[in-house]
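Reviewing the structure listed below.
Every number in this text was worked out from the coordinates using simple rules, so none of it is lab data. All values derive from a computational prediction rather than experimental measurement. Cβ sites come from the backbone with ideal geometry, for glycine too, and all protein chains shown count toward neighbours.
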Amino acid sequence: MNILLINHYAGSPEMGMEFRPYYFANRWVKSGHNVTILAADNSHLRKKKVNINKSFSEEDIDGIKYLWIKTPKYQGNGFSIVRNIFSFVLKAYLNSKKLSRNLNPDVVIASSTYPIDNYIARKISKISRAKHVYEVHDLWPLSPMELGNMSKYHPFIMIMQHGENFAYKHDDYVISMLPNTKEHMKQHGLDLKKWHYIPNGIVVSDWSHPEPISEELYDLFKELKDKKSFIIGYTGGHAISNSLHTFIDAAHIFKNHNDISFVLIGDGVEKQNLIDRADGLNNVYFRNPIPKKAIPNVLSQMDILCFGTNKSKLYKYGISMNKMMDYMMAEKPILQYIDTDYDIIEKSGSGTTIETDNPALLAEKILEFKSLSKSKLIDMGANGKQFVLENHNYDNLSKRFIELISK
């Protein structure tokens, strides 16, 4: 089967996020399918830049054909990112016939977070008589409306809303990464017979042969462990939506405790603000992003793992964060602060969930975790790993996806 996967931000283990397109495509190629990933050269999610000189440029990564589209550079969430999005969509759309002729896809998957790549997928699928699949990461345009406080009458939002409604009307399948999206999608025109749930996952082999941690991190963890500090860890993006101000404010509550430390590994637009917020604290440690394959060894150094979000009605539809899967696979207890109706941390018995934006409660729960026996912490970690292996293994998820679109 020839598969065309459109994902503006697609990456690879070497380049950085997004990882899901690579993990699915890698397994599909090994199963005998031909996979092309259509992506933009510029992405704020990748740690390694793509450098091309032509409008379209091909690259082979582990048997997957990456077809890069040259797009304008951008920073932040202003006009430049909008220009980048529309440049990608317009170039791909105007070259739909050529793409269809050269790739001859049997399935076209629109998977770019924003929904207007479905115009590309629909046109190519019609020309090629291929199936059209919409893979939903987050609900757009609801996400920028909620997180960015944008009006439904904003021109950008209206375009995205048309794209979402168009997708639900014309696609053959919808693959949702979130478990509770049926009602929302039905309200926007989806026939629920098309709806399917395939969440994010993990690569089991990454945990068998992980990369070693850097000397800098080794020294940090050795220092903290030598003074018997209880380490609360976070790895991932430092964005407003991650609500890391709650994490830092909880650290302030423990400023006079020498036996509790907070380690944040990653980067993002909010990082400097968080560093400023932690000014004067000697129990908070910021470190730069690490390779994905080093994540297992880094997480193993923490005592508990923590993450959260801002208050938003978005999370009633569920969450599907990569870091959650990594945390559970690391066999560490998890403390999350998030308001959601689908809570796999509680469901799996791998930790505790509390309301968001409440640093005092977060500090209270940290003390509760610190007081637990070692065997209890080990049991919670084991529960998380078992849940992930049973429900979020990319080997199984990729097979489910292929079986579905092969019908």
The chain - percent relative contact order, Cα under 8 Å, separation 6 or more: 13
J(HN,Hα) series, the range 161-168, from Karplus relation 6.51 cos²θ - 1.76 cosθ + 1.60, nearest Hz, glycine and proline x: 5, 4, x, 5, 4, 4, 4, 5
Overall form of the range 1-125 per C-alpha gyration tensor (a/c, 1.5; a/b vs b/c): oblate
For a label point 7 Å along the Cα-to-beta-carbon line of S31, residues of the range 146-185 with backbone N under 18 Å: 173-177
Unit charges on C-beta of K, R, D, E only; dipole of the chain, Debye: 1540
Burial ordering of W207, W195, fewest other beta-carbon atoms within 10 Å first: W195, W207
Enclosed volume per residue, in Å³, of the convex hull spanned by Cα atoms of the range 243-343: 112
Residues S208 and Y153, FRET efficiency given R0 of 51 Å [Cβ-Cβ distance, rounded to 0.05]: 0.50
The range 288-335: projected area of the alpha-carbon convex hull, averaged over directions, in nm²: 4.1
Spacing of the two label points (7 Å from each Cα toward its C-beta) at Y342 and N102, in nm: 3.7
Neighbour-count ranking [beta-carbon atoms within 10 angstrom, fewest first] of F230, F24: F230, F24
Given K255/K365; K70/K123; K311/K385; K227/K365, the pairs whose alpha carbons are separated by over 25 Å: K311/K385
For the range 64-71, Karplus couplings with θ = phi - 60° (6.51, -1.76, 1.60), whole Hz, Gly/Pro x: 9, 7, 9, 10, 8, 10, 6, 9
Distance (nanometres) between label positions extended 7 Å along Cα→Cβ at K399 and S55: 4.3
Per residue convex hull volume, Cα atoms of the range 170-212, in Å³: 106
Segment A360-L94, extension gain: residue separation times 0.36 nm, minus the distance between their alpha carbons: 90.4 nm
Cα-based radius of gyration of the chain once divided by 2.2 N^0.38 Å, which approximates compact folds: 1.00
The range 205-391, relative contact order [Cα under 8 Å, separation at least 6], %: 22
Positive-end extreme of charge dipole, the range 205-391 - chosen from I378, I354, I213 (charges on Cβ): I378
Antiparallel %, DSSP beta bridges [both residues in the chain], to 5: 15
Of K316/K407; K54/K126; K316/K347; K193/K347; K186/K399, those spanning more than 23 Å from alpha-carbon to alpha-carbon: K316/K407; K54/K126; K193/K347; K186/K399
Selection from C306, I175, G148 lying farthest towards where the dipole of the chain points positive, charges on Cβ: I175
Shape call, the range 1-59: gyration tensor on alpha carbons, a/c limit 1.5: oblate
Inter-site label distance for D172 and R129 at 7 Å from Cα along Cβ, in nm: 1.2
Listed residues S229, S300, S371, most fluctuating in the chain (Gaussian network, C-alpha, under 10 Å): S371
Extreme residue, positive dipole direction of the range 205-391, given options L389, I338, Y285 (C-beta unit charges): L389
Quotient of C-alpha Rg and 2.2 N^0.38 Å, computed over the range 205-391: 0.96
Placed amide H near D267: partners under 5 Å, 5+ positions off or other chain: G236, H238
Backbone HN-Hα couplings from phi across the range 236-252 [Karplus 6.51/-1.76/1.60, Hz, Gly and Pro as x]: x, x, 10, 10, 4, 5, 7, 6, 6, 4, 5, 4, 5, 5, 5, 4, 4
